[in-house]
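Peer 1: Please find one structure pasted underneath; my questions will follow.
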Amino acid sequence: MALTSSWKLILAAIVVLGMWASQSTARTLPDASMVEKHEQWMAQFGRSYKDDAEKAMRFKIFKDNVEYIQSFNEAGAKPYKLAINKFADLTNEEFKASRNGYKMGSHPKSPKVSSFKYANVSAVPASMDWRTKGAVTAVKDQGQCGCCWAFSAVAATEGINQLTTGKLISLSEQELVDCDTSEDQGCNGGLMDDAFEFIIGNKGLTTESNYPYQGVDATCNTKKESSRVAKITGYEDVPANSESALLKAVANQPVSVAIDAGESDFQFYSSGVFTGECGTELDHGVTAVGYGKTSDGTKYWLVKNSWGSSWGENGYIRMERDIDAAEGLCGIAMQASYPTA
Ligand SMILES: *[C@@H]1O[C@H](CO)[C@@H](O)[C@H](O)[C@H]1NC(C)=O
């Protein structure tokens with residue numbers, strides 16, 4: 001979005017005036033550049049508002065977020081950075097309401113004492129990245145639909161399917177949103193374990209291309225659904241509150257994990273190893289697709305998110321691993337599970 005030269009002159013004049021008047025009206029300069037920033041951001045992310053009132057309201061939120069992000073990065077107190085991303089005109093409450101969708105309160109209908117096939121794994125590689133083994137599809141984007149649980153379950157299913165068949169096939173989240181409705185609630189939330197139950201009972205899932213993602217609740221398309229390409233025979237829960245158990249599982253396959261992703265630092269995470277602030281109110285389903293250690297010795301989980309590739313590190317986040325709390329950072333070790341072939 002190139003500015004015309006007359007606009008450049010006017011903006012320059014505003015900046016000069018702002019500097020000149022900065023003693024008495026200290027807010028003129030930052031606000032002038034903030035308006036410009038907001039316009040650029042709107043163009044970059046194709047955002048438009050229905051009227052001036054909404055634009056003014058969104059500008060205020062954008063400004064608050066930008067100021068928070070700038071002061072966080074300037075403080076440099078954490079090993080990760082934040083960035084102005086596509087969520088920059090949303091309050092944290094709005095963000096939480098529309099982008100997560102893990103129903104912590106509800107539990108799978110028949111919580112079974114699940115066996116843990118990796119219990120006796122004694123040696124694991126020092127690091128793992130299932131992307132380099134061809135077991136992870138491209139980052140997807142759930143949009144404004146709280147069906148993170150479907151993306152998490154699908155990513156884990158894509159992983160085990162690739163590990164057993166050698167074929168990486170992108171599978172359908174929309175099938176889960178539309179058809180897995182006995183326990184899960186589409187865009188209103190769900191659980192990965194319930195999704196695994198559905199996939200088992202349904203004798204598999206169809207492909208992303210056959211049943212593409214819409215980001216809204218729709219009627220189950222039984223014709224598309226009947227073309228099943230990837231099945232699972234069961235699923236297991238990783239013993240809760242043990243990062244060492246989680247490690248054994250992630251060393252062997254991509255694993256669905258639930259986390260507390262509700263804080264602004266998660267909303268605006270951009271790069272580095274995320275160390276919180278975050279609690280353990282699990283509200284988001286994602287997929288652990290590896291682990292490792294940085295050159296300075298910080299251990300991390302490599303986590304695939306479903307907020308598009310412009311968020312975080314190309315759609316991924318590295319989250320601190322082996323912390324003091326048994327629940328793991330943001331509760332990552334509390335409700336992990338994986339499908340079995
Ligand atoms: C792990 O080892 C113990 C002791 O040998 C055995 O009883 C158990 O069945 C093993 N668990 C798995 C999942 O292989």
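The values are calculated or read from the model by the stated rules, or taken from the named source; none is laboratory data. Owing to the predicted nature of the structure, the values given are computational and were not obtained by experimental measurement. Cβ placement follows ideal geometry from the backbone for every residue including glycine, while neighbour counts extend to all protein chains displayed. Areas reflect the complete protein model, heavy atoms only, side chains present, ligands, DNA and RNA absent. Shrake-Rupley method; radii C 1.70, N 1.55, O 1.52, S 1.80 Å.
Peer 1: Given (1) over 21 Å from the mean Cα position of the chain (by Cα); (2) modelled with pLDDT under 95, where does Gly262 come up short, assuming only one miss?
Peer 2: Result: Gly262 fails condition (1) only.
Peer 1: Output the number of residues of the stretch 125-148 satisfying the condition of being of a type outside the set (A, V, I, L, M, F, W, C) and either within 16 Å of the ligand (Cβ to nearest atom) or outside any loop (DSSP other than H, G, I, E, B) (or both). Write out each step before concluding.
Peer 2: We begin by selecting, within the stretch 125-148, every residue of a type outside the set (A, V, I, L, M, F, W, C); these are 125, 127, 129, 131-134, 137, 140-144, 146.
From the residues that got through so far, the ones that are either within 16 Å of the ligand (Cβ to nearest atom) or outside any loop (DSSP other than H, G, I, E, B) (or both) too are 129, 141.
Number satisfying all stated conditions: 2.
Peer 1: Here's something else I'd like to know. If you take the residues in the stretch 167-200 that are small (Gly, Ala, Ser) and within 20 Å of Asp237 (Cβ to Cβ), which one is surrounded by the most Cβ atoms within 10 Å (Cβ to Cβ)?
Peer 2: First, pick out the residues of the stretch 167-200 that are small (Gly, Ala, Ser): 170, 172, 182, 186, 189-190, 195.
Imposing the further condition that a residue be within 20 Å of Asp237 (Cβ to Cβ) reduces the set to 182, 189-190, 195.
Details: Ser182: 10, Gly189: 20, Gly190: 29, Ala195: 31.
Residue satisfying both the conditions and the ranking: Ala195.
Peer 1: Could you tell me whether the stretch 179-186 includes any residue that is under 17 Å from the mean Cα position of the chain (by Cα), farther than 26 Å from Trp130 by Cβ, in the same structural domain as Thr287 (by TED's automatic domain parsing) and not in a helix (DSSP H, G or I)?
Peer 2: No, there is no match, as no residue in the stretch 179-186 is under 17 Å from the mean Cα position of the chain (by Cα), farther than 26 Å from Trp130 by Cβ, in the same structural domain as Thr287 (by TED's automatic domain parsing) and not in a helix (DSSP H, G or I).
Peer 1: While we're looking at this one, here's another question. Between a first residue in the stretch 116-143 that is without any contact (Cβ under 8 Å) to a residue 40 or more places away in the chain and a second residue that is within 16 Å of the ligand (Cβ to nearest atom), which pairs have beta carbons less than 8 Å apart while being 6 or more apart in sequence or on different chains?
Peer 2: none
Peer 1: Continuing with the same structure: Residues to consider are Ser122, Ser110, Ser106; find the one that is surrounded by fewer than 18 Cβ atoms within 10 Å (Cβ to Cβ), at pLDDT below 95, under 25 Å from Ala240 (Cα atoms) and within 16 Å of the ligand (Cβ to nearest atom).
Peer 2: On the way: Ser110 fails: within 16 Å of the ligand (Cβ to nearest atom); Ser106 fails: within 16 Å of the ligand (Cβ to nearest atom).
Selected residue: Ser122, the only one of Ser122, Ser110, Ser106 that is surrounded by fewer than 18 Cβ atoms within 10 Å (Cβ to Cβ), at pLDDT below 95, under 25 Å from Ala240 (Cα atoms) and within 16 Å of the ligand (Cβ to nearest atom).
Peer 1: A further question follows. Just the residues that are out of contact with any strand residue (DSSP E or B) (no Cβ under 6 Å at 6 or more places or on another chain) and polar (S, T, N, Q), please, taken from the stretch 127-147.
Peer 2: Residues satisfying the conditions are Thr132, Thr137, Gln142, Gln144.
Peer 1: Select from the stretch 253-303 the residues that are part of a loop (DSSP other than H, G, I, E, B) and of a type in the set (S, T, N, Q) and write down the one among them that is least open to solvent (accessible area, probe 1.4 Å).
Peer 2: Initial filter on the stretch 253-303 (part of a loop (DSSP other than H, G, I, E, B)): 253-254, 260-263, 268, 275-283, 294-298.
Narrowing the set further to residues that are of a type in the set (S, T, N, Q) leaves 253, 275, 280, 294-295, 298.
Values: Gln253: 0, Thr275: 38, Thr280: 61, Thr294: 32, Ser295: 134, Thr298: 35 Å².
Here the residue is Gln253.
Peer 1: May I pose another question? Can we say Ser152 is assigned by TED's automatic domain parsing to the domain that holds Gly290 and surrounded by 15 or more Cβ atoms within 10 Å (Cβ to Cβ)?
Peer 2: Details: assigned by TED's automatic domain parsing to the domain that holds Gly290: yes; surrounded by 15 or more Cβ atoms within 10 Å (Cβ to Cβ): yes.
Taking the combined requirement at face value, the residue satisfies it.
Peer 1: All but one of (1) open to solvent by less than 70 Å² (accessible area, probe 1.4 Å); (2) in a loop (DSSP other than H, G, I, E, B) hold for Lys63; state the number of the condition that does not hold.
Peer 2: Among (1) open to solvent by less than 70 Å² (accessible area, probe 1.4 Å); (2) in a loop (DSSP other than H, G, I, E, B), the lone unmet condition for Lys63 is (2).
Peer 1: Do we find that Val154 is assigned to a loop (DSSP other than H, G, I, E, B) and either within 16 Å of the ligand (Cβ to nearest atom) or touching a residue at least 24 places away in the same chain (Cβ under 8 Å) (or both) in this structure? Full working, then the answer.
Peer 2: Working: assigned to a loop (DSSP other than H, G, I, E, B): no; either within 16 Å of the ligand (Cβ to nearest atom) or touching a residue at least 24 places away in the same chain (Cβ under 8 Å) (or both): yes.
The answer is no for Val154.
Peer 1: Further, regarding this structure: Evaluate the following for Thr164: is it surrounded by fewer than 16 Cβ atoms within 10 Å (Cβ to Cβ), more than 23 Å from the chain's Cα centre (by Cα) and of a type in the set (Val, Ile, Thr)? Write out each step before concluding.
Peer 2: Numbers: surrounded by fewer than 16 Cβ atoms within 10 Å (Cβ to Cβ): yes; more than 23 Å from the chain's Cα centre (by Cα): yes; of a type in the set (Val, Ile, Thr): yes.
Judged against the criteria, Thr164 is a match.
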